[in-house]
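See below for the structure under consideration.
What follows draws every value from the coordinates through simple rules; no lab data is involved. Computed from a prediction, not measured in an experiment: that's the story for all the values here. For neighbour counting, all protein chains shown are included, and Cβ atoms are generated from backbone atoms with ideal geometry for every residue, glycine included.
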Ligand SMILES: [Zn+2]
């Protein structure tokens, strides 16, 4: 089994209104995203998928320079953002197996159903 990993970034603002701490205030993050794609067969070029195609697909989905509360149909936590990106990649018929969203340098969520 091969797992390809594509890293991208996006900038976005959000609030978590129910949060009792500072996350209820409007603020932004430079999110880092790692998407994993798996396959057990290689094509004639020796690839599971072309990295360029995967990067393009991930970039198209990311809610760059948006207000996440208006874009997502759920809470704007790293957990839900990872699930949201995963679902959209799956809908594009890509062999996605996991998505990690890093909200800060040290805090992220790996979504791997
Ligand atoms: Zn935040």
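Within a 10 angstrom radius of the beta carbon, how do 87, 97 rank from fewest other beta carbons to most? Could the numbers behind the result be given before it?
Details: 87 15, 97 18.
With the sparsest Cβ surroundings first, the list reads 87, 97.
Using just its DSSP H runs of length 4 or more, each adding -39500 (n - 2.57), the chain gives a mean residue ellipticity at 222 nm of -7500 deg cm²/dmol after division by all residues.
Considering only 21, 39, 74, the mean-square fluctuation computed in a Gaussian network model of the chain, springs between alpha carbons under 10 angstrom, is largest for 21.
Compute the angle between helix 78-91 and the longest alpha-carbon principal axis of the chain, please, reported from 0 to 90 degrees and rounded to the nearest 10. Compared with the principal axis, the helix lies near 40 degrees.
Using the 10 angstrom Cβ neighbour count as an exposure proxy, how do 26, 72 rank, fewest first?
Details: 26 9, 72 18.
Listing 26, 72 from fewest to most nearby Cβ atoms yields 26, 72.
Using only Cα atoms, what Kirkwood radius does the range 54-113 have, in angstroms? If you can, show how the numbers build up before the last one.
Values: mean 1/r = 0.0839 Å⁻¹.
Every distinct Cα pair counted, the radius reaches 11.9 Å.
One equal scatterer on each Cα of the chain, no solvent, Debye formula: the resulting log10 I(q)/I(0) at q = 0.11, 0.15, 0.16, 0.19 Å⁻¹ is -0.37, -0.64, -0.71, -0.95.
Remark: 4, 89 ranked as 4, 89, counting other beta-carbon atoms within 10 Å and listing the fewest first.
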